[in-house]
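Trainee: I am attaching a structure below and will ask some questions about it afterwards.
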Amino acid sequence: MKILIINSGSSSIKFQLMAMPSEVLICTGLVERIGYETATITYKTDVDTIKQTHNIANHKDGLGRVVDLLMDPEHGVISNTDEVEIVGHRVVHGGNSFSDTTFITPEVKDKVEEYIALAPLHNPGNLEGILVAEDIFPNAKQVVVFDTAFHQTIPEKAKKYAIPNELYEKYGIQVYGFHGTSHQYVSEKTNEYLKLASSKIITIHLGNGCSMTAVMDGKSIDHSLGFTPSNGLIMGSRSGDIDHGLIFHLVNNLDYTLDEVKTLVTNKSGMLGLTGHMDLRDIEAAAKSGNKDCILALEMNTYRIKKYIGSYVAAMNGLDAIVFTAGIGENSSLIRKMVCEDMDFFGIELNQAENELRTPGLREISMNSSKVKVLVVPTNEELEIAKQAYTLVN
Ligand code: ADP
């Protein structure tokens, strides 16, 4: 059975075609700069990599061109759209309405639209992807996996903010959590590896967006992102935790408008604000050459992660493993080293040599004597969506 996974953003569509249940990847690709005359499509199979530039006006046009490539007589992998039996969609915000993967119905689409208010950067593009895919693959089963779903198990004591109850009850103001498919995928892989009857693990997703989850017996019980994807760790261009009093000070005393504050903490802060660079590779290189801002930014970044580890150890009253994943977590031995330094009180001992290796797949990078296992687990959100969609349909 062939499943097409679609991750549709405001101006991009990532896609993967997968055979299930064998989990064989048939092709993968990306449409970027939708809405521009110089939009690009990248399409890869085992034998081909094709890059095209087109004027792509909208998502329908973009996905249409993807389908042309999928069915291309020379480079294609299917002969008609009905070969795609399931389309699995990633949607960022499912509010409190969805704790599981679900078939797309008019009611589900209404909810995705309603939650645009909570995820204005993500849900509109996600919804557009659904509408276009329904049109192009009318006979496929359309399934949605929500980024927030994995975190629906977070108990009230962790997900409520200490503001009047009415705001929680009437308006759903609470922690929702994000990157759920990634945290779920790597925690499941970790549990398969640990083979413990009961487990306490911390998953650390470090990409452009960064978040951590305390996972007890496979369930998310606390998470660093909150009502929006702004809280917690220091990210590429987002500040993470700040004293909200700072916002009032900027507005009341320094003449910022609210929109300017939003842009400041969302797009101009984090590693970018501290160093002038967003890509960690540039920051590491500059730190190596002695750049003081970059050295301090790396210290601040990893100090924040350590503090969250401490709080989640307290929340779970123990720890079996910490797991690094996503672009930075999987690739930066320096960040992993700095996070694990001076953590022997918690029983975390990094194996420096293993940490430097770049072997693919799940790997253990802690000492044999380490009470807590330190793992690198490559995330695969698309595969997680494919697995969940396949399970739902079958
Ligand atoms: P996104 O959140 O956009 O999905 P990714 O998970 O792909 O992001 O992570 C992207 C980030 O990973 C880049 O911005 C870069 O900082 C970091 N990264 C990728 N490769 C390396 C590397 N070899 N060393 C350090 N950082 C890396």
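Trainee: Anything in the range 277-297 that is more than 14 Å from the ligand (Cβ to nearest atom) and not in a helix (DSSP H, G or I)? List them, or say none. Walk me through it before giving the result.
Mentor: In the first step, residues of the range 277-297 are kept if they are more than 14 Å from the ligand (Cβ to nearest atom); the result is 289-293, 295-296.
If the condition is that a residue be more than 14 Å from the ligand (Cβ to nearest atom) and not in a helix (DSSP H, G or I), then SER289, GLY290, ASN291 are the ones that fit.
Trainee: Among the candidates ILE130, ILE154, single out the residue that is within 23 Å of the chain's Cα centre (by Cα), among the aliphatic types (A, V, I, L, M), open to solvent by less than 50 Å² (accessible area, probe 1.4 Å) and not assigned by TED's automatic domain parsing to the domain that holds VAL31.
Mentor: ILE154
This table checks each residue for (1) assigned to a helix (DSSP H, G or I); (2) within 16 Å of the ligand (Cβ to nearest atom); (3) free of Cβ contacts under 8 Å to residues at least 12 places away in the same chain.
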position	(1), (2), (3)
ILE201	no, no, no
ILE204	no, yes, no
THR213	no, yes, no
LEU225	no, yes, no
SER230	no, yes, no
ASP241	no, no, no
ASP259	yes, no, yes
THR263	yes, no, yes
THR266	yes, yes, no
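Trainee: Of everything in the range 49-96, what is among the polar types (S, T, N, Q) and either surrounded by 19 or more Cβ atoms within 10 Å (Cβ to Cβ) or over 26 Å from the mean Cα position of the chain (by Cα) (or both)? Give them in sequence order. Full working, then the answer.
Mentor: Kept after step one, since they are among the polar types (S, T, N, Q), are these residues of the range 49-96: 49, 52-53, 55, 58, 79-81, 96.
Across the range 49-96, the qualifying residues are GLN52, THR53, ASN55, SER79, ASN80, THR81.
Trainee: I've got another one for you. Could you count how many residues in the range 334-351 are more than 8 Å from the ligand (Cβ to nearest atom) and not in a loop (DSSP other than H, G, I, E, B)?
Mentor: Here is the first cut: in the range 334-351, the ones more than 8 Å from the ligand (Cβ to nearest atom) are 336-351.
Pick out the ones that are also not in a loop (DSSP other than H, G, I, E, B) and you get 336-340, 344-346, 348, 350.
The qualifying residues number 10.
Trainee: Moving to a separate point now. State which residue is farthest from the ligand (Cβ to nearest atom) when the search covers only the range 185-197 and only residues that are touching a strand residue (DSSP E or B) at 6+ places or on another chain (Cβ under 8 Å) and open to solvent by 10 Å² or more (accessible area, probe 1.4 Å). Write out each step before concluding.
Mentor: Residues of the range 185-197 touching a strand residue (DSSP E or B) at 6+ places or on another chain (Cβ under 8 Å): 186-187, 190-191, 193-194.
Next, from what is left, pick out any that are open to solvent by 10 Å² or more (accessible area, probe 1.4 Å): 191, 193-194.
Values: ASN191: 22, TYR193: 21, LEU194: 24 Å.
This residue is LEU194.
Trainee: Any residue at all in the range 39-46 that's open to solvent by less than 20 Å² (accessible area, probe 1.4 Å), at pLDDT 95 or above and either of a type outside the set (A, V, I, L, M, F, W, C) or not in a strand (DSSP E or B) (or both)?
Mentor: Yes, the range 39-46 contains a residue that is open to solvent by less than 20 Å² (accessible area, probe 1.4 Å), at pLDDT 95 or above and either of a type outside the set (A, V, I, L, M, F, W, C) or not in a strand (DSSP E or B) (or both).
Trainee: In the range 4-38, which residues are in a loop (DSSP other than H, G, I, E, B), open to solvent by less than 50 Å² (accessible area, probe 1.4 Å), modelled with pLDDT under 95 and not β-branched (Val, Ile, Thr)? Before the answer, list the steps.
Mentor: To start, the set of residues in the range 4-38 that are in a loop (DSSP other than H, G, I, E, B) comprises 9-12, 20-23, 33-38.
Of the ones still in play, those that are also open to solvent by less than 50 Å² (accessible area, probe 1.4 Å) are 9, 11-12, 20, 34.
Within this subset, residues satisfying the condition of being modelled with pLDDT under 95 are 9, 11-12, 34.
GLY9, SER11, SER12 - these are the residues of the range 4-38 that are in a loop (DSSP other than H, G, I, E, B), open to solvent by less than 50 Å² (accessible area, probe 1.4 Å), modelled with pLDDT under 95 and not β-branched (Val, Ile, Thr).
Trainee: Let me ask something additional. Give the residue, chosen from ALA314, ALA326, that is among the small types (Gly, Ala, Ser), within 19 Å of THR213 (Cα to Cα) and free of Cβ contacts under 8 Å to residues at least 60 places away in the same chain. Explain how you work it out, then say what you get.
Mentor: Values: ALA326 fails: free of Cβ contacts under 8 Å to residues at least 60 places away in the same chain.
The unique qualifying residue is ALA314.
Trainee: Would you please name the residue that is least open to solvent (accessible area, probe 1.4 Å), looking only at residues in the range 298-333 that are polar (S, T, N, Q) and either more than 16 Å from the ligand (Cβ to nearest atom) or touching a Lys or Arg at 6+ places or on another chain (Cβ under 6 Å) (or both)?
Mentor: Pass one, the range 298-333, residues polar (S, T, N, Q): 301-302, 311, 317, 325, 331-333.
Then keep just the ones that are either more than 16 Å from the ligand (Cβ to nearest atom) or touching a Lys or Arg at 6+ places or on another chain (Cβ under 6 Å) (or both); that gives 311, 317.
Working: SER311: 54, ASN317: 129 Å².
Per the stated criteria, the residue is SER311.
The values are calculated or read from the model by the stated rules, or taken from the named source; none is laboratory data. As the structure is a computational prediction, the values presented were derived from the model and not from experiment. Note: ideal-geometry Cβ built from the backbone for every residue, glycine included; neighbour counts use all protein chains shown. Only protein heavy atoms, including side chains, enter the accessible area calculation; ligands, DNA and RNA are left aside. Shrake-Rupley method; radii C 1.70, N 1.55, O 1.52, S 1.80 Å.
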